[in-house]
Ligand code: MLT
Ligand code: MN
Ligand code: ZN
């Protein structure tokens with residue numbers, strides 16, 4: 001089983017087009033040791049040829065161009081992307097669906113009912129795409145049964161409902177529904193190796209902790225270093241919790257959570273990193289602290305084989 005990080009940044013990307021925070025300005029000017037990143041997406045493959053796109057970012061076309069594996073060129077019109085799964089209906093995870101409209105068959109889209117509702121109402125991408133390739137909704141039922149995805153033979157996918165946030169345009173932004181946000185466990189049935197993926201993890205609920213403990217690779221919410229990071233920088237009025245994210249530093253933060261797993265040889269990787277996050281500075285104290293805790297920071301193009 002292969003996992004490719006197509007985009008390791010949160011919504012907005014790094015640098016963000018209109019942002020002049022220390023990180024965005026520094027990476028733009030080349031005065032900061034930091035690397036550009038596109039918006040949140042990974043791709044998973046069992047055979048290295050057919051891929052499940054997990055989250056379709058606004059940067060999808062650039063991500064496809066940067067990852068030649070996604071274009072196996074088997075016929076006149078072709079793509080390695082066999083199907084898409086979205087973990088929520090946020091702009092950074094679904095806008096790229098519009099970029100797949102030139103397909104000649106309906107796009108298989110794995111999504112919960114709550115997310116499908118958003119994509120047919122608050123952000124009506126599915127009805128829009130019905131005028132192009134069309135979308136075939138494959139339900140993620142959250143009934144405890146593993147999903148089967150045709151493109152990923154030998155890989156079991158388990159979806160976990162998460163306490164996070166539906167997007168601002170969602171009819172259930174203020175009355176959360178089960179399935180607004182999910183985390184995923186990918187298990188290679190042959191090797192038994194497991195990946196836990198949750199770029200938006202507002203709360204570490206018991207079932208989440210259990211899945212994290214069992215994972216060999218953790219790709220988890222790396223959005224913000226402190227809960228009030230965006231507020232302190234004068235860039236937003238929202239805390240990490242308001243946005244459905246868990247900060248890394250301090251009591252109850254992600255570093256503490258990752259430390260508490262007695263996950264022997266598991267790789268711990270932060271993903272979905274907001275452009276304001278000081279961990280993006282590769283020679284900074286926050287990055288050093290992560291390294292001391294055995295925690296890595298995802299970058300575009302990072303690849304795992306399990
Ligand atoms: C989030 O996860 O909070 C997002 O990155 C928001 C967005 O895409 O604007
Ligand atoms: Mn996001
Ligand atoms: Zn910025």
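Nothing in this text is a laboratory measurement; each read-out follows from the coordinates by a stated rule. Everything numeric here is computed off the predicted structure, so don't read it as measured data. Cβ atoms come from the backbone with ideal geometry, glycine included; neighbour counts cover every protein chain shown.
For the reader, a short list of remarks on this structure follows.
- Computed with the Debye formula from one identical point scatterer per Cα of the stretch 69-199, without solvent, the log10 of I(q)/I(0) at q = 0.11, 0.15, 0.17 Å⁻¹ comes to -0.41, -0.75, -0.95.
- Put simply, the convex hull of the Cα atoms in the stretch 50-89 casts, on average, a shadow of 3.0 nm².
- Distant alpha-carbon pairs in the stretch 171-261 (separation over 16 angstrom), percent: 59
- Ratio Rg/Rh [Cα only; Rh per Kirkwood] for the stretch 2-305: 0.94
- Between 202, 179, 250, the residue with the greatest mean-square fluctuation in the GNM of the chain (Cα pairs under 10 Å linked by springs) is 250.
- Each peptide in 71-77, 55-61, 44-50 was scored by the mean count of other Cβ atoms within 10 Å over its residues; highest first, the order is 55-61, 44-50, 71-77.
- Relative to the current alpha-carbon distance between residue 178 and residue 214, full extension at 0.36 nm per residue lengthens the span by 10.7 nm.
- Per the Debye formula on identical point scatterers at the alpha carbon atoms of the stretch 1-133, with no solvent, log10 I(q)/I(0) at q = 0.12, 0.21 Å⁻¹ is -0.51, -1.22.
- Gyration tensor over alpha-carbon atoms, the stretch 1-75, equivalent ellipsoid semi-axes in Å: 29, 11, 11
- DSSP beta bridge pairing in the chain, given as percent antiparallel to the nearest 5: 50
- Gaussian network model of the chain, Cα within-10 Å springs - most flexible of 235, 100, 201: 235
- Distribution of pairwise C-alpha distances over the stretch 210-306, 5 Å bins, in %: 3, 13, 24, 25, 19, 11, 4, 1, 0
- Counted over the stretch 256-306 with a bin width of 10 Å, the fraction of Cα pairs per bin, in whole percents, is 21, 53, 25, 1.
- Estimated FRET transfer efficiency (residue 128, residue 292; beta-carbon r; R0 45 Å; 0.05): 0.40
- Protection-proxy order for peptides 207-217, 283-293, each taking the mean of Cβ atoms within 10 Å per residue, highest first: 207-217, 283-293
- Ordering of 30-41, 183-194, 128-139 by packing [mean C-beta count within 10 Å, highest first]: 30-41, 183-194, 128-139
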